[in-house]
1. Would you check if B:Arg311 is surrounded by 10 or more Cβ atoms within 10 Å (Cβ to Cβ), basic (Lys, Arg) and either free of Cβ contacts under 8 Å to residues at least 40 places away in the same chain or not assigned by TED's automatic domain parsing to the domain that holds B:Ala246 (or both)?
2. Can you pull out the residues in segment B:39-56 that are surrounded by fewer than 22 Cβ atoms within 10 Å (Cβ to Cβ), charged (D, E, K, R) and either at pLDDT 80 or above or closer than 22 Å to B:Thr356 by Cα (or both)?
3. For segment B:613-636, enumerate the residues that are surrounded by fewer than 23 Cβ atoms within 10 Å (Cβ to Cβ) and within 13 Å of chain A (Cβ to nearest Cβ).
4. Looking at B:Ala332, is it under 30 Å from B:Glu267 (Cα atoms) and of a type outside the set (Lys, Arg)?
5. Could you list, in sequence order, the residues of segment B:544-582 that are of a type in the set (Val, Ile, Thr) and in contact (Cβ under 8 Å) with a residue 24 or more places away in the chain?
6. Assess whether B:Val608 counts as being on the phi < 0 side of the Ramachandran plot and away from every other protein chain (no Cβ under 11 Å).
7. Would you mind listing the helices (runs of 4 or more DSSP H) fully within segment B:698-796 where at least 2 residues are polar (S, T, N, Q)?
8. In segment B:652-664, what count of residues is obtained for those that are more than 7 Å from chain A (Cβ to nearest Cβ) and in contact with a strand residue (DSSP E or B) (Cβ under 6 Å, 6 or more places away or on another chain)?
Amino acid sequence: MATLEDAQPSRDEVRRILDARARVAARPPATADDVARVEVLAFSLAEETYAVETRFVREVCQLKDVTAVPCVPPFIAGVMNLRGRVLAIVDLRKLFDLPSRGLTELNRVIVLQDGDAEFGLLADAIDGLRSVATKELHDGLRTLTGVRDRFLKGITPQMLVVLDGGRLLSDAGLRVDESAAR
Amino acid sequence: MDDKKQQFLARLRETFREEAAEHIGAMSSGLLALERSEGAERAAIVERVFREAHSLKGAARSVSLASVESLCTELESLFAAMKRGTLVPSTEILDAVHPALRVLTALCDRPEGAADGDTQQQERQALSALKRWAGSTGPESAVAPAVPLPVAAPKSERFAPAAPPPAAEPRSAAAIPAPPAPRKPAAPAFFRDGGASPAAASLSPEPTKPSPPETTTEPTKVAPRLPAAAAGPNDTVRVSTQKLGAILLEAEELLGAKLTAGGRAAEVRALATDLTSWNQRRAQLTGRTRLTKDDAAALAERLETEVLHSRALEHTLRSLAAAVYQDAQSLAGLADRLLDDTKRLLLLPCSHLLATLPSLVRDLARAQGKDAELRVTGEDIEIDRRVLDELKDPLIHLLRNCVDHGIEKPDLRLERGKASHGTIQITARAAEGNRVELTVADDGAGIDPVKVGKSAIRLGLLTAQDATQTATDELVNLVFHSGLSTSPILTDLSGRGLGLAIVREKVERLGGTIDVTSKAGSGTAFRILVPLSVATFRGVFVETAGRPFVLPTAHVVRVVRVQPDEIHNVENRQTMAVDGRPMSLVRLRDVLELSGADGRSADRVRPVVVVRAGDRQVAFLVDEVRGEAEVMLKGLGTQLVRVRNVAGACIAGNGAVVPILDAADLVESAGRVAAVGPATPRDDTALGRTARILIAEDSITSRTLVKGILEGAGYEVVATVDGMEALTTLKIEPFDLVVSDVDMPRMNGFELTAKIRADKKIGELPVVLVTALGSQKDREYGVEVGASAYIVKSDFDQANLLEVIRRLL
């Protein structure tokens, strides 16, 4: 007690100490499989929860005006203006053939990026960041459709469907490259 | 002045170094691929490598690197021999070529300095090694011992690398016995055009498959193997530090703007705080129900100061408003300048494009026994590099045209009182509206408006009466119509009337315009106007199915309103008359595959936008035409590489993304939504009957190939084995066109053509001669006997053939 009064830490110092404590407290408890964990961003879409590795997520933004583009497959919802650049928006519901049950809010866009490739994913809401142990990821369930299997990284025991961001970004099937001339 | 020239040379050398590295890289990867390839694929590679050597030669000449030039010349003739088939690529030959490439790299790396002794010696060695091979192209040459690379039976004649011809009897030995094939046990069958071995024939493509990949017209299919060559100049920009410095300064000025904006924000915040506390104190005073004496006094005082305070506040606000206005002004200026200068980073002097052209003109002219010189002025004018890249082909087309049709032979020129050598002048000039004007003028024969008129009448573009009433200038400008040619014969180089149509299409794609003026006897001048930068252009905003779209103004001919009763149904297609000409009419929403309610009911007047691409015009029904504005073209992102009918997008004033439509695609798609009606006047084969084509060709491979191509294109084809059989068949059955080989037993193509022309009944029949004989003399003989088109086999590809046939039918 006496030592503390003697020291009389300055305000800055107090803040620094508190910050450091907060950081320690915020750290997730260390586990044995710490090395093999991936951080994912969970989001909800059509009453289901999906997640995608954060290393492929550049940013999340509000869904503003989406302009539909003619002559593209249904999974391309359109394009939007992202700070002066044009960004294609992919609708996973169309890609995964999800039944459109209930109302969906669709008010977020998750911008995926890997190298040059980038596009936005439509989402109803962002559920937050999760840490997932890679070895806990199971292969796809039999019930999942083919398309989903292709873009599936795995499913957690909590039934969180983790999508393969790199695959989504690199798959030629998600790219439109077609001219009018046959 | 001299200093400037020095600087320019230095810059040119720098550019050359980069370019050379690309060419050499492409050559060496090509040569490597050559060893692993066979048949047609190999021939395509030889062709590409040959072009690389040729390009490098031209580039080396422009920076006066004689040593590189002479090495390239040897390489070129070596590859040319491979192309002709007189030299078969063998490992030994490639062993000589690769070191030569290494020497080239060493030489090109130091374009300004002299080569050291070592390099010089290597250079001499490489040169003599190359000479040994290039020179040994005769049948009795040293090629024989060289083991040819394994080759599978060529699938098409076009690229078949022929073995050294058995000297005396080139046509007799159809299949030359297979040379020992080290890797492929299957006997490689070599054959020259005209002859074919049964083995080769059985390996020829099935007739139902008209596009063997080997004969593809798109080099892109071969290209990926040679990235440097295929991708063209890589996507880097060389920027002077001066320009970068200017941009850095402007960017730094943004710091000032940032600070100012921060300051303003603080000022506004302070004002707001002040106002809040003032209001709170007033509320304290006025909120009391009972006032003490002191309060009343305070209130009176307060009222007084209130007035003063409110004046002060007004003053502060006003000056703040003025300051913010100032800030906005200067920020706008700053942003515009920064954008402008950044765009300028993409500008390159025209000399980058024009530097290699003089040698091209000289070569072209020489090949035709003419003498022509290219002069260039205004090479300092700067243009967006993307525009420059896109202009290269059109310019080369125009130069070819000048040499082919403009410049006369020396003796004829002297006869006409001109200097024996012709002059072509390219002038670049900055034009109003951020555009650049390029003129290509020659002092040749000029375009004969009468001939153009006749050709236009033949194509159905004009009636004979129109032709007499049309002004000369207008007539001459009809040369840009696809299919129109004043040349009496179609050759592989030009005369098919396609070149200028393509030139126009390319220029228009850039948002530019092209026109031509010509004085019969004294020359022709093509004038190209292109925007300095491709990024911005004018667009017409239209609306259909409730959505906005932009059409590039350069492709919009006009906007009209159509009454319901002006729309006619012709064979289930809708047409309307625009300027008295019938034009097919389609709904834009149908072409764009949009659903949703029609914006306007069918019984009302509706706006129509007439879109032109090349020389096809289609009228598109839209719901609204909103107006015209400057737009900046943006890509649709990495996911939407190429969307049919959509060229890109722009960002409208309200921040929304609006798709920009692709005129060429729209016109193409319109044809599918409702087959284009009478708008294309010569589409007579579409009127129900399939055109019938007769083939005369003695080589079974060629015959099968050509038959396959034509049948694939939807024609009805009958094949005959020589002129005699063809003539007999022609007398029995009706045909619309004849495709004939020249060199055939019993009756050759020339004889056949002459016989057809002499016949009363079939005298008008179009005859296309397809031949290995590429000489000027043969071509002239072709004209003489009355052939309608002359395609040299070495340039033979199916698109070429089909295009020619389409023109003639």
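The values are calculated or read from the model by the stated rules, or taken from the named source; none is laboratory data. Computed from a prediction, not measured in an experiment: that's the story for all the values here. Cβ: placed from backbone, ideal geometry, glycine included. Neighbour counts: every protein chain shown.
1. In short, yes.
2. B:Glu47, B:Arg51
3. B:Ala613, B:Gly614, B:Arg616, B:Met632, B:Leu633, B:Lys634, B:Gly635
4. Considered against the rule, which asks whether it is under 30 Å from B:Glu267 (Cα atoms) and of a type outside the set (Lys, Arg), B:Ala332 comes out as yes.
5. Once the filter is applied, which keeps residues that are of a type in the set (Val, Ile, Thr) and in contact (Cβ under 8 Å) with a residue 24 or more places away in the chain, segment B:544-582 yields B:Thr544, B:Val550, B:Thr553, B:Val556, B:Val557, B:Val559, B:Val560, B:Val562, B:Val570, B:Thr575, B:Val578.
6. Criteria met by B:Val608.
7. Those helices (runs of 4 or more DSSP H) span B:700-712, B:723-732.
8. 6
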